[in-house]
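The values are calculated or read from the model by the stated rules, or taken from the named source; none is laboratory data. Note that this is a predicted model, so its numbers are computed, not measured. Cβ: placed from backbone, ideal geometry, glycine included. Neighbour counts: every protein chain shown. Keep in mind that these areas ignore ligands, DNA and RNA; they rest on the heavy atoms of the full protein, side chains included. Shrake-Rupley method; radii C 1.70, N 1.55, O 1.52, S 1.80 Å.
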Amino acid sequence: MALTDFDLVLFGGSGDLAMRKLLPAMYARDVANDLPPTARIICVGRQDSGQDAFLKMVETNSRPHIKASTMNAATWSKFCARIVYVSLNASDANTYAPLVEALRDPELTRVYYLATPPHLFALICDNLEENGLVTPNSRVVLEKPLGRDLASAKQINAEVGKVFQESQIYRIDHYLGKETVQNLMALRFGNILFEPLWRREWISDVQITIAEKLGVGNRMGYYDTSGALRDMLQNHLLQLLCIVAMEPPTSIAPDAVRDEKLQVLRSLKKFTPTTLAQNIVRGQYRAGHVDGATVPSYRDEPDAPQHSRTETFVAMKAEIDTWRWAGVPFYLRTGKRMADSLAEIVVRFKQIPHSIFNQPTSSFQPNCLVIRLQPDEGLSLNLMAKTPGEGMRLKPAELELDFRESFKTPRMDAYERLLLDVLRGQLTLFMRGDELEAAWEWVEPILENWEQNDNAPIPYTAGTWGPAAASALIGRDGLQWREEALPED
């Protein structure tokens, strides 16, 4: 669907997200000729710098994040001509006159992207309304964190909802823009093969892992007040769980999909203090080695509180109380300073009931579907196959689908896809307000328990897969994390 003319207004336009992700994403779409000729990108910041000075900042901070193969003087000049810099104080409605002047055509699609701290969301929305900048064609994009708990999430929903209708609000989770996540929906609902097997009778367990080699970097101010549970699990991992576990929607229409995701969140079994202690592991990295380099412990990172109890790792066993999933454990895991950087979903099927071969069933690896989100997007299906030669000896083999090899068309970054969806008015890949609140409602008892409990996170060595307690967690069910179950070379 071709885009109509628009004004994309980036609050926090000189910030890290705008420079590293949003402007490069829009440049890529401009090079692909997806943007109308007169579409504009209006960057809003507090710096009282002029247009030329801001474009130099873009040159310095944004251009290095753009693929060199797409860059030339003509395309860069064309893109920069779209950029308009507006200086104002987002908290002060009396400073919005330059933005009012810049946004002259109320008939255009207006997208307000709030790449700002969440405490500014309501203020900015109120100030936009006070200055007459909210039109029927306006949309607002909210970046995470969308609250710290259920109460703050409800407050954000209520305050933004006073200015924008739910159909105008785009709560962004960049993981939902990844090609593989959408291919998971295609795999489930575009093929007859898996759907009959996608249930408790045939699936042993599901593992969802998002691991990072990186530490906190320059985000200590945010991260130490957030931690892995708020930063990753409450949003990214739960959204992936919803797509794996949801019932088939009636269509790909936004509310049809989001209704089913909501039902998954509402069906998650609530933790009690006892089950929480048994089924959740939290950790914090200590000094170690990543890619051969020595890295400091979390508490020795710049600006880290000396006795911080913030978790950098979480592993948990979750359960979904529905006919389809009752009794199937969902293991969720995320951490920083891990042994590898990857995001993957592992659906492990049950073992065969009886071996007709001269091998016990215990020597067979259960069939396993691995959906890789990063670094290399693709699917693999682990099967048992006969080894060449005489006799009937079986060993594991893989069917591999590499999306880059199978589809030669250029691939979009997650932010490219999501920005295009916002500009087209497509809400399917964005969270609805009741989804956000349902996720926080499930997570909140965990946060409350940790705040009341004086136990510190379990230390783990940087460059490993987290605390040994995470292996014990899944081991109690007679299972292993995928990297532990892989055969040695």
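Checking M431, M412 one by one, the residue that is surrounded by 12 or more Cβ atoms within 10 Å (Cβ to Cβ), aliphatic (A, V, I, L, M), within 30 Å of T310 (Cβ to Cβ) and within 21 Å of the chain's Cα centre (by Cα) is M431 and no other.
Checked against the criterion of being open to solvent by less than 40 Å² (accessible area, probe 1.4 Å) and either in contact (Cβ under 8 Å) with a residue 40 or more places away in the chain or assigned to a helix (DSSP H, G or I) (or both), segment 401-408 contains one or more residues that satisfy it.
Beta carbons closer than 7 Å, at least 6 apart along the sequence or on distinct chains, pair a first residue in segment 220-237 that is closer than 13 Å to T312 by Cβ and assigned to a helix (DSSP H, G or I) with a second that is open to solvent by less than 10 Å² (accessible area, probe 1.4 Å) and aromatic (F, W, Y) for A228/F313; D231/Y223. Of all residues in segment 354-397, those satisfying the criterion of being among the charged types (D, E, K, R) and part of a loop (DSSP other than H, G, I, E, B) are D376, E377, E390, R393.
Residues that are without any contact (Cβ under 8 Å) to a residue 12 or more places away in the chain and in a helix (DSSP H, G or I) were ranked within segment 451-471; the one that is most open to solvent (accessible area, probe 1.4 Å) is Q452. Report yes if some residue within segment 416-427 is part of a loop (DSSP other than H, G, I, E, B), open to solvent by 20 Å² or more (accessible area, probe 1.4 Å), out of contact with any helix residue (DSSP H, G or I) (no Cβ under 7 Å at 6 or more places or on another chain) and closer than 30 Å to D291 by Cα; otherwise report no. Checking segment 416-427: not a single residue is part of a loop (DSSP other than H, G, I, E, B), open to solvent by 20 Å² or more (accessible area, probe 1.4 Å), out of contact with any helix residue (DSSP H, G or I) (no Cβ under 7 Å at 6 or more places or on another chain) and closer than 30 Å to D291 by Cα. Taking segment 347-360 as the range and being in contact with a helix residue (DSSP H, G or I) (Cβ under 9 Å, 6 or more places away or on another chain) and either surrounded by 21 or more Cβ atoms within 10 Å (Cβ to Cβ) or without any contact (Cβ under 8 Å) to a residue 24 or more places away in the chain (or both) as the test, the residues that pass are V347, R348, I352, P353, H354, S355. Considered as a group, the residues in segment 361-378 that are under 15 Å from E398 (Cβ atoms) and open to solvent by 40 Å² or more (accessible area, probe 1.4 Å) include one that is modelled with the lowest pLDDT, and that residue is D376. Applying the set (1) open to solvent by 70 Å² or more (accessible area, probe 1.4 Å); (2) farther than 30 Å from P118 by Cβ; (3) touching a residue at least 12 places away in the same chain (Cβ under 8 Å) to T75 leaves exactly one unmet item: (1). Considering only residues in segment 337-346 that are open to solvent by less than 10 Å² (accessible area, probe 1.4 Å) and not small (G, A, S), the one that is farthest from P248 (Cα to Cα) turns out to be M338. Look at segment 378-395: where a residue is within 30 Å of I345 (Cα to Cα) and a partner is of a type in the set (V, I, T) and surrounded by 13 or more Cβ atoms within 10 Å (Cβ to Cβ), sitting 6+ places away or on another chain with Cβ atoms under 6 Å, you get L379/I371; S380/V370.
Scan segment 8-42 for residues that are more than 21 Å from the chain's Cα centre (by Cα), within 26 Å of P410 (Cβ to Cβ) and part of a strand (DSSP E or B) and the total you get is 3.
For segment 248-286, the tally of residues that are within 30 Å of P457 (Cβ to Cβ) and open to solvent by 50 Å² or more (accessible area, probe 1.4 Å) stands at 9. Checking each residue of segment 272-285 against the condition of being assigned to a loop (DSSP other than H, G, I, E, B) and over 19 Å from the mean Cα position of the chain (by Cα) gives at least one match. The listed residues are V134, V163, V100, V84, and the only one of them that is without any contact (Cβ under 8 Å) to a residue 60 or more places away in the chain, open to solvent by 10 Å² or more (accessible area, probe 1.4 Å) and in contact with a Gly (Cβ under 9 Å, 6 or more places away or on another chain) turns out to be V100. The set of residues from segment 366-420 being small (G, A, S) and in contact with a Lys or Arg (Cβ under 8 Å, 6 or more places away or on another chain) comprises G378, S380, A385, A414. Counting the residues of segment 1-21 that are touching a His at 6+ places or on another chain (Cβ under 8 Å) and open to solvent by 10 Å² or more (accessible area, probe 1.4 Å) gives 2.
Of the residues making up segment 287-328, those that are in contact with a Leu (Cβ under 8 Å, 6 or more places away or on another chain) and either within 16 Å of T461 (Cα to Cα) or open to solvent by less than 70 Å² (accessible area, probe 1.4 Å) (or both) are E311, V314, A315, M316, K317, A318, E319, I320.
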